[in-house]
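Let me begin by presenting the structure, written as structure tokens, before commenting on it.
The values are calculated or read from the model by the stated rules, or taken from the named source; none is laboratory data. As the structure is a computational prediction, the values presented were derived from the model and not from experiment. Please note: Cβ atoms are built from the backbone with ideal geometry, for glycine as well, and neighbour counts cover all protein chains shown. Please note that ligands, DNA and RNA were not included when accessible areas were found on the heavy atoms of the full protein model with its side chains. Shrake-Rupley method; radii C 1.70, N 1.55, O 1.52, S 1.80 Å.
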Amino acid sequence: MNTPLTRPNTYRSGPDAAGKFGGFGGRYVAETLMPLILEVEKAYAAAKKDPAFDAEWRRLLTHYVGRPSPLWFAERVTGHLRAQAAPGLGAKVYFKRDELNHTGAHKINAVLGQILLAKRMGKKRIIAETGAGQHGVATATACALFDLPCTVFMGAVDVARQQPNVFRMKLLGAEVVAVESGAATLKDAMNEALRHWVAHVEDTYYCIGTVAGPHPYPAMVRDFQSVIGEEVRAQMMEAEGRLPDVLVAAIGGGSNAMGLFHPFLDDAGVRMFGVEAGGHGIETVTGHAASLTGGRPGVLHGNRTYLLQDENGQILEGHSISAGLDYPGVGPEHAWLHELGRVEYVNATDEEALSAFQLCARLEGIIPALEPAHALAHVLKLAPTLPAETLIVMNMCGRGDKDIFTVAKLLGEKF
Amino acid sequence: MPADPAAPQARSANRPAGRPSRIAARFAALRAEGRGALIPFLEAYDPDLATSMEILRGMPAAGADLIEIGVPFTDPMADGPIIQAAGQRGLKAGATLAGALAMVRAFREGDDATPVILMGYLNPILSYGAERFAADAAAAGVDGIIVVDMPPEEAEVLAPHAKEAGLDIIRLVAPTTDAARLPLVLNASSGFVYYVAITGITGTKSAAPEELAAAIPRIRAHTDLPICIGFGVRTPEQAAHAARVSDGAVVASALIDTLAKSLDAEGRPAPDSARRVLDQVRALAQAVRAAR
């Protein structure tokens, strides 16, 4: 674990056989769960090699999800930023429009892959954790399609503040369990899902929503989400005849960012920014959810990664205006890329995200989710400092329908 | 680097060298007596330091053969609602890993024979510093540790320091641990083996007696270490049965439940909170001692 970080020949070969990205990742689970995650790993390795599995997943992406999602030149945002920039500056901003996916976010990409895997494994029930409810909705959707019973664990606090998504999951036939234990938010939903899984090992598959958890989940969810970056490569070649210069994505657990970044990790000319939730500011003790820029390494939920924790190793609650970003950990591959310096991790505050949210609605006619609003907030800072020929791609990983009530409240609107 | 599952490890090589092991001595004595062990559990600082210290100090006289102390963690993923709540009460009362070690140090002033095992999760240990923790735990009088979320594959971070300090690493074996995995887990164990009787979390359900009777020989075939049964052992009858078919019974949630029920609405202990828990330990001990 304390082996010095050496620069690899490729950033794309991880994890190793032990599920490690450098010193991060791994399989830190109770013995009862070990055989299960080894079974998932084996099944996924076999599925990955099966062309029929890939074909079925891609068929669903095309005809059910609506992929490829467009790569949109955000001309008015670009013009707005150039107007404030010095002459010759103001990068060209593109949005990767994963908010147009069925269910309104990138989560469905990895959910469909995992549900197909669960079916291959002969599992009869699906469980999932959710924070804001996007992963829960995506999982409930796929379970409806595949006629599988679905139970979604959601912190009681999140259930109260994300009522529309709770109702969506119920409409889709899922059972939503309000988790009262611990702090009753996303991390506790994940604890409860793991506990439930231990008690139902025979017939149940745990569909994890992000690039975290024990191996093989971080690698598997990344592989499925990499469809985002692969599409961007092809689309940008078509639009501009070359690769983008800068990629920007929001980071909670980090699945949309990993999906965008991974296909470009070995392209040295592509700079990458992961934008964490700065909340009230990362100088506050528990007022943010910036695990990489405001936390330190530890072990939680089956992997070693950067965590928000106190001096005694107790896990702290994150805060963000976005319920999808307030997880106290981050995917282990991000922790590794952070230490190697391959990806630059920054943060945007609640206030900056809120302002980007409104700007995007007015300038582009796109109401973003609060998660990509964080990414956009960084684009707004960065683009005016870069030459006009610079190409930026920001992952618009979700739409803002779920957030309008939160935002309305913050802006003093009443319904 | 993770432990290499293929590396053959002599079982004796895992036994920490240096000082004599209280755990080995206690199991040898019990074997001579012809009975299994009762291993009661308490959560450090639950509901406060004074009460948990009173319970800890009273346990040997009430019939505890070994004692397991839970170290509170915010995210105990293998624990059911009863122990989760105990951990939260402990944290609220100020529990830390250092505080749990201080409890053991205080306990050792009056008892140098009863083995003490700490059970907890890895992150507080990493935060404390794995090497420093192993040294401080041994110095405080801790004999063994159970780190729930540290399977043999991830043990390299702590196991060498534990061995150096003379701490046993007690591992959980579950019904899901198949024949292919058993040697890996057992070879990475010392002190005793903790058989998790159910596929589930603590304090939720109990295994059928015949399931237990069948499970133990499967493990026994692979190890010389004592095997104790936990998870779902609640009543004196269940404890007696577990101690009869294995080498000991761990009782946790049932004791925590008694303690929790004695607390007032604000979570404060009653004057007889500790006594109620210790009375229950006594009843469990009588049943275990009667079972031969």
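Tabulated values for the structure
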{"read-out": "Projected area averaged over orientations for the stretch A:276-415, convex hull of C-alpha atoms, nm²", "value": "9.8 nm²"}
{"read-out": "Tilt relative to chain A, helix A:227-240 - C-alpha long axis, 0 to 90 degrees, to 10", "value": "20 degrees"}
{"read-out": "Chain B, accessible surface, carbon-and-sulfur percent (1.4 angstrom probe)", "value": "55 percent"}
{"read-out": "Carbon/sulfur fraction of accessible area - chain A, other protein chains in place, 1.4 Å, %", "value": "54 percent"}
{"read-out": "Solvent exposure of the stretch B:21-290 as accessible area per residue, Å², 1.4 Å probe", "value": "33 Å²"}
{"read-out": "Relative compactness, the protein assembly as shown, computed as alpha-carbon Rg over 2.2 N^0.38 Å", "value": "0.99"}
{"read-out": "Helix axis angle, A:107-120 relative to chain A longest principal axis, alpha carbon, degrees", "value": "20 degrees"}
{"read-out": "Loop chymotrypsin sites (Phe, Trp or Tyr not before Pro), the stretch B:112-211, which have at most 14 other Cβ atoms in a 10 Å radius of their Cβ (DSSP)", "value": "none"}
{"read-out": "Nitroxide proxy distance, nm - points 7 Å out along Cα→Cβ at A:Thr10 and A:Asp50", "value": "2.5 nm"}
{"read-out": "Contact order normalised by residue count of chain B, Cα under 8 Å, 6+ apart, percent", "value": "24 percent"}
{"read-out": "log10 of Debye I(q)/I(0), alpha-carbon scatterers only, for the stretch B:167-256 at 0.20, 0.25 Å⁻¹", "value": "-0.89, -1.34"}
{"read-out": "Estimated dipole of chain A in Debye, rounded to 20 [Cβ of Lys and Arg +1, of Asp and Glu -1, Cα centre]", "value": "720 debye"}
{"read-out": "Mean ellipticity per residue at 222 nm, deg cm²/dmol - from DSSP H runs of n ≥ 4 across the protein assembly as shown, formula -39500 (n - 2.57)", "value": "-13000 deg cm²/dmol"}
{"read-out": "Per-pair calculated FRET efficiency, R0 = 30 Å: B:Ala290 and B:Asp111 via Cβ, rounded to 0.05", "value": "0.80"}
{"read-out": "Ordering of A:105-113, A:331-339 by burial proxy (mean other Cβ atoms within 10 Å per residue, highest first)", "value": "A:105-113, A:331-339"}
{"read-out": "Protein-only accessible surface order, largest first, of A:Tyr64, B:Tyr45 at 1.4 Å", "value": "A:Tyr64, B:Tyr45"}
{"read-out": "Calculated from backbone phi, Karplus (6.51, -1.76, 1.60) coupling profile of the stretch A:354-360 in Hz, x at Gly/Pro", "value": "4, 5, 5, 4, 6, 4, 5"}
{"read-out": "The stretch B:31-161: C-alpha pair distances exceeding 18 Å, %", "value": "52 percent"}
{"read-out": "0 to 90° range, to nearest 10: angle between helix A:134-146 axis and chain A longest Cα axis", "value": "60 degrees"}
{"read-out": "Other-chain or far-sequence residues with amide H under 5 Å of A:Glu276's (modelled H)", "value": "A:Ile251, A:Val346, A:Asn347, A:Ala348"}
{"read-out": "Charged-residue dipole, Cβ positions (Lys, Arg, Asp, Glu), the stretch B:21-290 about Cα centre, Debye nearest 20", "value": "560 debye"}
{"read-out": "Charge dipole (the protein assembly as shown, unit charges on Cβ, about Cα centre) - positive-most of A:Val198, A:Phe273, A:Asn312", "value": "A:Val198"}
{"read-out": "Calculated P(r) tail over 13 Å for the stretch A:232-284, as whole % of Cα pairs", "value": "63 percent"}
{"read-out": "Chains B and A, summed buried accessible surface - 1.4 Å probe, Å², nearest 100", "value": "3000 Å²"}
{"read-out": "Per residue, the convex hull volume that the Cα atoms of the stretch B:21-290 enclose (Å³)", "value": "110 Å³"}
{"read-out": "Taking the stretch A:1-94 and dividing mean pair separation by its residue count, relative contact order in percent (alpha carbons under 8 Å, at least six apart)", "value": "14 percent"}
{"read-out": "Two-site FRET efficiency, B:Ala179 against A:Arg362, from Cβ-Cβ distance with R₀ of 56 Å, rounded to 0.05", "value": "0.30"}
{"read-out": "Alpha-carbon spread of the stretch A:285-355, three principal axes, descending order, Å", "value": "34, 29, 19"}
{"read-out": "Residues with amide H under 5 Å from that of B:Asp168, placed H, sequence gap 5 or more", "value": "B:Gly144, B:Ile145"}
{"read-out": "Furthest towards positive pole of dipole, B:His222, B:Ala243, B:Val185, structure part the stretch B:21-290, Cβ charges", "value": "B:Ala243"}
{"read-out": "Diffusion constant of the stretch B:237-286 at 37 °C, which comes from Stokes-Einstein with the Kirkwood Cα-pair radius and 0.692 mPa s, µm²/s", "value": "277 µm²/s"}
{"read-out": "For A:Leu194, net neighbour charge (Lys/Arg +1, Asp/Glu -1) across residues whose Cβ lies under 14 Å away", "value": "-4"}
{"read-out": "Cα-centre dipole for the stretch A:253-318 with unit charges at Cβ (Lys and Arg positive, Asp and Glu negative), debye to 20", "value": "120 debye"}
{"read-out": "Residue-by-residue Karplus 3J(HN,Hα) for the stretch A:304-310, coefficients 6.51, -1.76, 1.60, Hz, glycine and proline x", "value": "8, 7, 6, 9, 7, 8, 8"}
{"read-out": "Packing rank of B:263-272, B:147-156, A:134-143, A:276-285, where each peptide gets the mean count of other beta carbons within 10 Å, highest leading", "value": "A:134-143, B:147-156, A:276-285, B:263-272"}
{"read-out": "Prolate/oblate/rounded call for the stretch A:142-211, Cα gyration tensor, a/c under 1.5 rounded", "value": "oblate"}
{"read-out": "Percent RCO, i.e. relative contact order, over chain A, from Cα pairs under 8 Å lying at least 6 residues apart", "value": "20 percent"}
{"read-out": "A:Ala268-A:Phe405 pseudo-label distance in nm [points 7 Å out on the Cα-to-Cβ vector]", "value": "5.1 nm"}
{"read-out": "DSSP-defined beta bridges in chain A - what % are antiparallel, rounded to 5", "value": "30 percent"}
{"read-out": "Listed residue (A:Trp336, A:Val346, A:Ala375) projecting farthest to the positive dipole end of the stretch A:262-415, Cβ model", "value": "A:Ala375"}
{"read-out": "Label-point separation in nm, A:Glu230 to A:Glu175, each point 7 Å along Cα→Cβ", "value": "3.6 nm"}
{"read-out": "Cα pair distances of chain A binned at 20 Å [whole percent]", "value": "29, 61, 10, 0"}
{"read-out": "For chain A, accessible area per residue (1.4 Å probe, heavy atoms of protein chains only), Å²", "value": "34 Å²"}
{"read-out": "Shielded residues, the stretch B:123-144 - accessible-area loss of 50 Å² or more between chain alone and all protein chains, probe 1.4 Å", "value": "B:Asn123, B:Ser127"}
{"read-out": "FRET efficiency estimate (nearest 0.05) - Cβ-Cβ, A:Ala156 to A:Arg59, R0 41 angstrom", "value": "0.60"}
{"read-out": "In sequence order, calculated HN-Hα J values of the stretch B:117-126 (Karplus, 6.51, -1.76, 1.60; Hz; x Gly/Pro)", "value": "10, 8, 10, x, 10, 6, 4, x, 5, 4"}
{"read-out": "Full-stretch length increase - B:Asp224, B:Ala25 - with 0.36 nm per residue and alpha-carbon distance subtracted", "value": "70.2 nm"}
{"read-out": "Chain-alone versus full-assembly comparison, the stretch A:24-67, residues with accessible loss of at least 30 Å² (1.4 Å probe)", "value": "A:Arg27, A:Tyr28, A:Val29, A:Ala30, A:Glu31, A:Thr32, A:Met34, A:Pro35"}
